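The values are calculated or read from the model by the stated rules, or taken from the named source; none is laboratory data. These numbers were taken from a predicted model, which means no experiment stands behind them. Ideal geometry is used to build each Cβ from the backbone, glycine not excepted, and the neighbour counts take in all protein chains shown. Each accessible area value is taken on the protein alone, full model and side chains, heavy atoms only, with ligands, DNA and RNA left out. Shrake-Rupley method; radii C 1.70, N 1.55, O 1.52, S 1.80 Å.
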Amino acid sequence: MKQIMLVSLAVLLGLTLLVAGCVDEAPVQPPNGVTDVGIMYTATGQMPVLLSTGQIDGYMVWQPFVSVAEVSGIGTVVSYSQDLPPAGTWTDHTCDALSAREDFIAANPDLVNAIAALLILSGDYVQENPDRAAEVSADWLFGGGDMTFGDVRVSSKDVLAHSIPTIRFSTEPSEEWLQSNDRFIEALRDIGYLTGGLKDASPAEVRDSLYDFSHYEAAVAMVEAGEIVTPPKRTRPMSLGYLPSDHDAPLFVAIKDWEYFNDTFGIALKPRTTAPGKVDVADLIVNGETITEVRLVQGEGGAQLMTLMGTDAIQMSYAGTPPTISAVDRGMAIKILLPTQNEGSGLVVAASAPVDDWNSFIAWADARSAEGRPLRIAAPIRGSIQDVQIKYALQDSGVVVKEV
């Protein structure tokens, strides 16, 4: 019954868009009138191998694994996330944000302000220096070497140079960004992902539950004044969760290029090692004083990081807003402090697929369902931005979505 209701809603939305002139034509349904697409969840790093070996027909994922497909020739991009249906819904859409546990914020306000200031500065640096951001991200994520997917090898530096320009790095919680989150909340409600405190909350109640921009405002004030306030020293380490994606390039740059930020702005995350690749431990230094040890915890998806936040295994998180929204909906005492980037995901299919846009993708899905071989599309962890977007787009096109 739930699937029927969702499909009915999607068909209604599709007809509305058609009347409004937002789409060119309604997809042709297969002979039996039902198109199925299976969504399976898998680690992002496995997706190119699964695609190249025919175990999946496509994947919806964050960068740089969208660019991996194009640069390597494994796949073709059907649509970047901002262009998925319903038309105009995902333009400049929210993606990653910095969030923190409320008890950690209350106990460490100056520390939270300082970390927010550093990520504002490093976000600006990435926007102004995309080539350096690509080099640093390639080093962090892949050791700067080649990426290997079965028999396919591709330069990580080439992939990241292709990927970084498709991501919009911004830390301003603008009204447009807030409205993008509002749209995600509606999508989460429509696909049944919100069942708790945010399910029936008013827009004002939602915003009050989700955000605390006072630390962003304090950070901006410090950046504009050219002076970062030194927080009190901590006797215990803190943990910051992040994802293995160049969406997190500002974090990687802040650590790998710590001397630049230290010398220019008086704040840095100094890594405990200079070895290539990811960093597990860094020291937050403000105005020459070591404030705290920061343990960097890599997760496979935003939902996993929210689970870690819920148990206080990590205190701050660099992850997508929809998983954070879902965590708050379930009663976790977490606040979103500022955005870190927008867009930067996409739907990829095998290079041999008869697909070059969304309508041809739906036509392919129709044909495969008619043959009794529904498409199988991989996505990250359930509840991730990419999971929400692909399900919402498919349902908007009248497709029955099944988790496989």
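The figures follow:
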| quantity | calculated |
| --- | --- |
| Computed [θ] at 222 nm, helices only, for the chain once each DSSP H run of length n ≥ 4 contributes -39500 (n - 2.57) | -13000 deg cm²/dmol |
| Phi to ³J(HN,Hα) by Karplus 6.51 cos²θ - 1.76 cosθ + 1.60 over region 56-62, Hz, x for Gly, Pro | 9, 9, x, 8, 10, 7, 7 |
| Separation in nanometres of the label points that stand 7 Å from Cα toward Cβ, at Thr195 and Gln298 | 3.3 nm |
| Within the chain, longest stretch clear of exposed GluC sites (Glu not before Pro) (DSSP loop, no more than 11 other Cβ within 10 Å) | 26-370 |
| Net lengthening on full extension, Glu205/Gln179 (0.36 nm per residue, minus Cα-Cα) | 7.9 nm |
| Calculated from backbone phi, Karplus (6.51, -1.76, 1.60) coupling profile of region 67-75 in Hz, x at Gly/Pro | 5, 3, 4, 6, 5, 7, x, 5, x |
| Environment charge of Asn129, counting only residues whose C-beta is closer than 11 Å and scoring Lys/Arg +1, Asp/Glu -1 | -4 |
| Near-label residues of region 285-301 by backbone N, under 19 Å of a point 7 Å along Cα→Cβ of Thr274 | 285 |
| Net lengthening on full extension, Asp146/Ser360 (0.36 nm per residue, minus Cα-Cα) | 73.8 nm |
| Förster radius 30 Å - calculated FRET efficiency between Glu371 and Arg153, Cβ distance, rounded to 0.05 | 0.35 |
| Chymotrypsin sites (Phe, Trp or Tyr not before Pro) lying in DSSP loop within region 314-369, provided at most 15 other Cβ fall within 10 Å | none |
| Förster-model FRET efficiency, 51 Å R0, Thr290 and Val404, C-beta, rounded to 0.05 | 0.55 |
| Calculated from backbone phi, Karplus (6.51, -1.76, 1.60) coupling profile of region 209-216 in Hz, x at Gly/Pro | 6, 8, 10, 9, 8, 5, 7, 4 |
| Contact order normalised by residue count of the chain, Cα under 8 Å, 6+ apart, percent | 37 percent |
| Efficiency of FRET from Cβ geometry, Asp283 and Ala87, R₀ 45 Å, rounded to 0.05 | 0.40 |
| Prolate/oblate/rounded call for region 166-208, Cα gyration tensor, a/c under 1.5 rounded | oblate |
| Computed lengthening from Arg236 to Arg330, 0.36 nm per intervening residue step minus Cα-Cα distance | 31.0 nm |
| Amide H contacts under 5 Å for Leu98, placed H, 5+ residues apart | Leu337, Leu338, Thr340 |
| Descending semi-axes in whole angstrom, ellipsoid equivalent of the chain, from the Cα gyration tensor | 37, 25, 17 |
| Probe 1.4 Å - accessible area at Asp263, Å² to nearest ten | 120 Å² |
| Region 248-323: C-alpha gyration tensor shape, a/c 1.5 cut-off, then a/b vs b/c | prolate |
| Solvent accessible area, Å² - Met222, 1.4 Å probe, full protein context | 20 Å² |
